[in-house]
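Have a look at the structure below, then the notes.
The values are calculated or read from the model by the stated rules, or taken from the named source; none is laboratory data. These numbers were taken from a predicted model, which means no experiment stands behind them. Cβ: placed from backbone, ideal geometry, glycine included. Neighbour counts: every protein chain shown.
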Amino acid sequence: MDKEDTMCKGTKFGTLFFTVLLFFAYSVTTRAQDAGTQESKAQAQTENGMHHGQRAGQLERLSKELNLTDEQKAKVKPILDEQMKQMHATQEDSSLTQEQKHDKMKQIHEATHSQINDILTPEQQKKFAALKEQQKEHREGSKESPSEQPKQPY
């Protein structure tokens, strides 16, 4: 029973860490997009350089949580790279309203999950679904104080 409690706590911590990482990526790009000055453009370029580390962190987290093989990691990495590229392009698209950006980022996120899910074994798919459910529950808990929490793209 203690081993199950420890695994549950570890999974909750991993999910929380992954959610915070995704939230940080979203908030950084949102702040850069909203500033609209030359200084913020330079800042956005600097922040864009950080995305590589964030993608690596996502891959590492997924790898650990789902026990990905090297072959699976090699397939997931370009999916995460493309997701970050599309999300950044969406944030930079001045023709979209904030609501449209939110909706598009949600679609990108869902498409990424679908692509990753296709790479996973049935057992890993169950774990991935559980991680997504925990993230959903965490987000719903965060919505209780919307003035303190910006909308998340997923």
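For the reader, a short list of remarks on this structure follows.
- In a residue-by-residue description of segment 143-154, the property of being under 22 Å from Lys85 (Cβ atoms), in contact with a Ser or Thr (Cβ under 7 Å, 6 or more places away or on another chain) and at pLDDT below 85 applies to at least one position.
- Selection within segment 64-78 - within 15 Å of the chain's Cα centre (by Cα) and crowded, with 19+ Cβ neighbours inside 10 Å: Glu65, Val76
- Sole exception among (1) closer than 21 Å to Leu59 by Cβ; (2) in contact with a Lys or Arg (Cβ under 9 Å, 6 or more places away or on another chain) for His102, by number: (1)
- Ala42 vs. criteria modelled with pLDDT under 55 and out of contact with any Asp or Glu (no Cβ under 9 Å at 6 or more places or on another chain): yes
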